[in-house]
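Below you'll find the structure, written out as C-alpha cells, and then a few comments.
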Amino acid sequence: MDYDVLILGGGIVGCAAAYELSKYNLNIALIEKDYDIADDVALINCSVVYDGCEGEDTLISKLQVMGNDIVGKVSDKFNVDFEKCGYLIVAEDEKGEEKLKNMYNTSIRRGIKEIYLLDKEQVYEMEPNLNIDVRKALYSKNTGVISPYDLAIAYGEIAFDNGVNFKLQEEVLDIQKISKGFSVITNKNKFTCTTVLNTTPGENYSVDSSNKVNKNRSNLKYFLLEKEFKANFKNIISTLNESENKLYTIPTVDGGYVVAIKTDENITYEESIEKISSFMGNIDEECIGAFYESSFFNDTLIIDDSSIDKGYVKVTGKNYSQVTITPAIAKIVCETIVSNLNCVLKKDFVDKRRDFYRFRYLSNDERKEIIKLNKKYGKIICNCQKVSEGEIIDSIRRPLGARTIEGIKRRTGVTFGSCMGAQCLNKISSILARETDKKITDIVKDSKNSKIMISRIKEFDDI
Ligand SMILES: Cc1cc2nc3c(=O)[nH]c(=O)nc-3n(C[C@H](O)[C@H](O)[C@H](O)COP(=O)(O)OP(=O)(O)OC[C@H]3O[C@@H](n4cnc5c(N)ncnc54)[C@H](O)[C@@H]3O)c2cc1C
C-alpha cells in the first residue's frame with residue numbers, strides 16, 4: 001500500500017484530521033485540488049466560535065460545545081487569535097422573546113454553561129450604542145471569534161511538520177474499492193491505501209452509495225466595516241423577531257466589524273445598508289471595506305463511518321458553524337480510524353507550530369530586536385497593515401508555505417487594509433516571484449486562471 005490513510009480535501013476539516021492522525025505512527029497523505037490548503041474556508045478573517053446555545057439540532061449543538069472547548073485550548077497552543085468576546089441574542093418583539101426563552105430553556109437542558117437571560121436595562125448597560133428596541137436577550141459568555149484560516153493553516157503546518165505528505169494542485173477523480181483497501185485516482189496519480197477519509201463536499205465517487213445530505217440554505221449578505229467605523233460594540237450581537245431574517249454584528253480579531261444579514265428575501269445592496277443602519281446607526285459608506293454575498297449553510301452534517309470496517313469514512317454537509325465544530329469532528333474521526341488500524345502514538349510527535357512574528361502587534365523594542373537579527377523585518381511592504389518583507393518571506397518559506405497572493409494575505413494580513421493592495425500588490429508579487437524562482441507573469445492570486453499580471457508591456461521588453 002502507498003499509504004495507511006489518504007485524506008481527501010485540504011479544508012479546515014481535512015487539515016484538523018491530518019493533525020490528529022499525525023500523532024500516530026501512520027503513513028498519511030492529504031490531497032487538495034487547489035494551490036493552497038484552507039482556500040475555501042471563508043473570505044474574511046473572522047468566524048464565530050459558537051457555544052451550542054443557538055443550534056436547533058442537538059448533534060450540532062453538542063459538537064459546538066465540544067469544539068468551543070477544544071478551540072480555546074488549541075488556539076493558545078498554536079498562537080492563533082481567539083477572543084471570547086461574548087454573544088447577545090436580542091429579542092425585538094413578542095415572538096422573538098418566545099423563541100429566545102425556548103432557546104434558553106433548551107440550552108439549560110443541554111447543560112450549556114455561562115448563559116444568562118438579560119432584561120432590556122442590562123442589555124443597554126452592556127451595549128449602550130445598540131440602536132434597536134430590546135425586550136430581552138440571551139447572553140452567552142463563551143462565544144467568541146477566531147481567524148478561521150489561521151486555525152486551519154496552523155493545523156496543516158503541524159501535521160506537515162509531523163510527516164503528513166500534502167499533495168496540492170491534485171484533484172481526486174475517483175475512489176475505488178480494491179481487495180485490501182482503496183485505489184484513489186487523481187488527475188496526476190493512482191494511489192493505494194488502507195483507509196480513506198473523504199472531506200470533499202458533495203463529491204460522489206464509485207465507493208459512495210447515496211448522497212443523504214439534507215440541504216437547508218438561505219442568503220447571507222455581509223459587509224466588512226473597517227477599524228475607522230466606530231460602532232463600539234463589545235459583543236457579537238444578533239436579532240430575533242417574528243421574521244426569519246436575522247442581523248448580526250461581529251467584532252473582528254483586527255478591530256473592525258462584520259455585519260451580516262441572513263434572509264430568504266432577495267434584497268438589494270441599498271436595502272441591506274438600510275437594514276444595517278437601523279441596527280447600528282447610520283453607516284458611512286466610506287467605512288465599508290467589502291461587500292460579499294454567500295449562502296448561509298444549515299445542512300445536516302453527516303460523519304458517515306458505516307463503512308469503517310472496509311476503511312472508508314466520509315464527512316459531508318455544509319454547516320454555518322463548521323469552523324467551530326471542526327476540532328470535535330477531527331477528534332471523533334481520528335478515534336474511529338485509529339481504532340480500526342493497528343497503530344500507536346508516535347514518541348516524537350511535536351505539538352508546536354513554528355514561531356512567527358506579527359509586527360503590527362509588537363512593541364518598538366520587540367521590533368528592534370527582530371530587525372537586528374534580520375534586516376528584512378525592517379522594511380514595511382504593506383503600510384495599512386504594517387507587514388514587513390521579513391514576514392512575507394517567512395510566510396513563503398514556512399512549512400506548507402504560501403504559493404499565491406491569497407496565501408500570503410491569509411498568513412500575514414497583507415492587503416487587508418483600506419487600500420486593499422493598491423499600494424503593495426506589485427511589491428508582494430515581486431517577492432513571491434523571487435522567492436519561488438518564478439516569472440512575475442506566472443504569479444497567481446489563488447488559482448490557475450487568476451494571474452496578477454497578464455503579460456509584460458511590449459515597450460519594456462525592448463529595454
Ligand atoms: C459566508 C460564510 C460564513 C461562515 N461563518 C462561519 C462562522 O462564523 N463560524 C463557523 O464556525 N463557521 C463558519 N462558516 C463555515 C466554514 O467556514 C466552512 O463551512 C468550512 O470552512 C468548511 O470546511 P470544510 O473543510 O468542511 O470544507 P471546504 O473548506 O470546502 O474543504 C474541502 C476541500 O476539498 C477540496 N476538494 C474538493 N473537491 C476535491 C477533489 N475532487 N479533489 C481534491 N480536493 C478537493 C476543496 O478545494 C476544499 O479545499 C462560514 C461559511 C461561510 C460560507
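The values are calculated or read from the model by the stated rules, or taken from the named source; none is laboratory data. The model shown is predicted, which means the values in this text are computed figures rather than measured ones. Please note: Cβ atoms are built from the backbone with ideal geometry, for glycine as well, and neighbour counts cover all protein chains shown. Remember, those area values only see protein heavy atoms, side chains included, never the ligands or the DNA or RNA. Shrake-Rupley method; radii C 1.70, N 1.55, O 1.52, S 1.80 Å.
Any residue in the stretch 183-212 that's in a loop (DSSP other than H, G, I, E, B) and surrounded by fewer than 14 Cβ atoms within 10 Å (Cβ to Cβ): show its pairings with residues that are of a type in the set (A, V, I, L, M, F, W, C) and at pLDDT below 95 at Cβ separation under 9 Å, as long as the two are six or more apart or on different chains.
Note: pairs meeting the criteria are GLY202/VAL213; LYS212/ILE302.
Scanning for something open to solvent by less than 20 Å² (accessible area, probe 1.4 Å), charged (D, E, K, R), touching a strand residue (DSSP E or B) at 6+ places or on another chain (Cβ under 8 Å) and on the phi < 0 side of the Ramachandran plot, does the stretch 218-226 turn up at least one residue?
Yes, because at least one residue in the stretch 218-226 is open to solvent by less than 20 Å² (accessible area, probe 1.4 Å), charged (D, E, K, R), touching a strand residue (DSSP E or B) at 6+ places or on another chain (Cβ under 8 Å) and on the phi < 0 side of the Ramachandran plot.
For the stretch 73-104, give me each residue that is of a type outside the set (Asp, Glu) and open to solvent by 80 Å² or more (accessible area, probe 1.4 Å). First the steps, then the outcome.
We begin by selecting, within the stretch 73-104, every residue of a type outside the set (Asp, Glu); these are 73-75, 77-80, 82, 84-91, 95-96, 99-104.
Passing the criteria: LYS73, LYS77, ASN79, LYS84, LYS95, LYS101, ASN102.
May I ask you to list the residues in the stretch 152-174 that are at negative phi and within 10 Å of the ligand (Cβ to nearest atom)? Explain how you work it out, then say what you get.
At the first step, the residues of the stretch 152-174 found to be at negative phi are 152-162, 164-168, 170-174.
Correct list: ALA152, LYS167, LEU168, GLU170, GLU171, VAL172, LEU173, ASP174.
Tell me which of these THR336 doesn't satisfy, since it passes every other one: (1) assigned by TED's automatic domain parsing to the domain that holds LYS167; (2) touching a residue at least 60 places away in the same chain (Cβ under 8 Å).
For THR336, the failing item is (2).
Quick check: anything in the stretch 341-359 in a strand (DSSP E or B), outside the structural domain of LYS409 (by TED's automatic domain parsing), in contact (Cβ under 8 Å) with a residue 40 or more places away in the chain and within 16 Å of the ligand (Cβ to nearest atom)?
Within the stretch 341-359, the first condition is being in a strand (DSSP E or B), and the residues that meet it are 345.
From what is left, the residues that are outside the structural domain of LYS409 (by TED's automatic domain parsing) are 345.
Okay, now just the ones that are also in contact (Cβ under 8 Å) with a residue 40 or more places away in the chain, so 345.
Now drop any that are not within 16 Å of the ligand (Cβ to nearest atom), which leaves none.
The answer is no; no qualifying residue exists.
With (1) surrounded by 15 or more Cβ atoms within 10 Å (Cβ to Cβ); (2) at pLDDT 90 or above as the list, and ASP365 as the residue in question, which single condition is left unmet?
(1)
Looking at (1) among the charged types (D, E, K, R); (2) within 16 Å of the ligand (Cβ to nearest atom); (3) outside the structural domain of ALA159 (by TED's automatic domain parsing), which is the one condition that is false for ASP69?
Exception for ASP69: condition (3).
Under 7 Å between Cβ atoms, which residue pairs at least 6 apart in sequence (or on different chains) link something in the stretch 51-72 that is open to solvent by 20 Å² or more (accessible area, probe 1.4 Å) with a partner that is at pLDDT 95 or above and among the acidic types (Asp, Glu)?
VAL65/ASP51
Would you pick out the residues in the stretch 335-352 that are out of contact with any Lys or Arg (no Cβ under 8 Å at 6 or more places or on another chain) and surrounded by 14 or more Cβ atoms within 10 Å (Cβ to Cβ)? So that I can check it myself, show each step before the final result.
Let us first name the residues in the stretch 335-352 that are out of contact with any Lys or Arg (no Cβ under 8 Å at 6 or more places or on another chain), namely 335-344, 347-348, 350.
Across the stretch 335-352, the qualifying residues are THR336, ILE337, VAL338, ASN340, LEU341, CYS343.
Taking the options ILE283, ILE332, name whichever one is assigned to a loop (DSSP other than H, G, I, E, B), in contact with a strand residue (DSSP E or B) (Cβ under 9 Å, 6 or more places away or on another chain) and open to solvent by less than 70 Å² (accessible area, probe 1.4 Å). Let's see the steps before the verdict.
Numbers: ILE332 fails: assigned to a loop (DSSP other than H, G, I, E, B).
From the options ILE283, ILE332, the qualifying one is ILE283.
How many residues are at pLDDT below 85, more than 9 Å from the ligand (Cβ to nearest atom) and over 30 Å from PHE182 (Cα atoms) when one looks only at the stretch 289-328?
Total satisfying the criteria: 3.
Just wondering, is there one or more residues in the stretch 275-285 that are of a type in the set (A, V, I, L, M, F, W, C) and under 20 Å from TYR24 (Cα atoms)? I'd like the intermediate steps shown before the answer.
Filtering the stretch 275-285 for residues of a type in the set (A, V, I, L, M, F, W, C) gives 276, 279-280, 283.
The next check asks that each one be under 20 Å from TYR24 (Cα atoms); those that pass are none.
No, the stretch 275-285 has no match at all.
ALA38 versus (1) buried (at least 24 other Cβ atoms within 10 Å of the Cβ); (2) of a type outside the set (Lys, Arg); (3) modelled with pLDDT of 95 or more: which is the lone unmet condition?
Single failed check for ALA38: (3).
List the number of the failed condition for SER22; all other conditions in (1) open to solvent by 10 Å² or more (accessible area, probe 1.4 Å); (2) in the same structural domain as VAL184 (by TED's automatic domain parsing) hold.
Among (1) open to solvent by 10 Å² or more (accessible area, probe 1.4 Å); (2) in the same structural domain as VAL184 (by TED's automatic domain parsing), SER22 violates only (1).
To keep it simple, each residue is scored yes or no on (1) acidic (Asp, Glu); (2) within 9 Å of the ligand (Cβ to nearest atom); (3) assigned to a helix (DSSP H, G or I).
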residue	(1), (2), (3)
LEU6	no, no, no
GLY10	no, yes, no
CYS15	no, yes, yes
GLU20	yes, no, yes
LEU26	no, no, no
ASP36	yes, yes, no
CYS53	no, no, no
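Those residues that are outside any loop (DSSP other than H, G, I, E, B), within 15 Å of the ligand (Cβ to nearest atom) and surrounded by fewer than 24 Cβ atoms within 10 Å (Cβ to Cβ), I need them from the stretch 127-145; list them, please. Before the answer, list the steps.
So in the stretch 127-145, the residues outside any loop (DSSP other than H, G, I, E, B) come out as 136-140, 144-145.
With within 15 Å of the ligand (Cβ to nearest atom) added as a condition, the list becomes 140, 144-145.
Result: VAL145, single match.
Let me spell it out: the conditions are (1) part of a strand (DSSP E or B); (2) open to solvent by 20 Å² or more (accessible area, probe 1.4 Å); (3) not assigned by TED's automatic domain parsing to the domain that holds PRO128, and VAL313 meets all of them except one. Which number is the exception?
(2)
Open to solvent by 50 Å² or more (accessible area, probe 1.4 Å), under 22 Å from the mean Cα position of the chain (by Cα) and over 14 Å from VAL387 (Cα atoms) - does that describe any residue in the stretch 402-416?
yes
Please state which one of ILE44, ILE89 is within 15 Å of the ligand (Cβ to nearest atom), outside any strand (DSSP E or B) and touching a residue at least 60 places away in the same chain (Cβ under 8 Å).
On the way: ILE89 fails: outside any strand (DSSP E or B).
The unique qualifying residue is ILE44.
Which residues, counting only those in the stretch 146-178, are more than 19 Å from the chain's Cα centre (by Cα) and not in a strand (DSSP E or B)?
The answer is ASP161, ASN162, GLY163, VAL164, GLN169, GLU170, GLU171.
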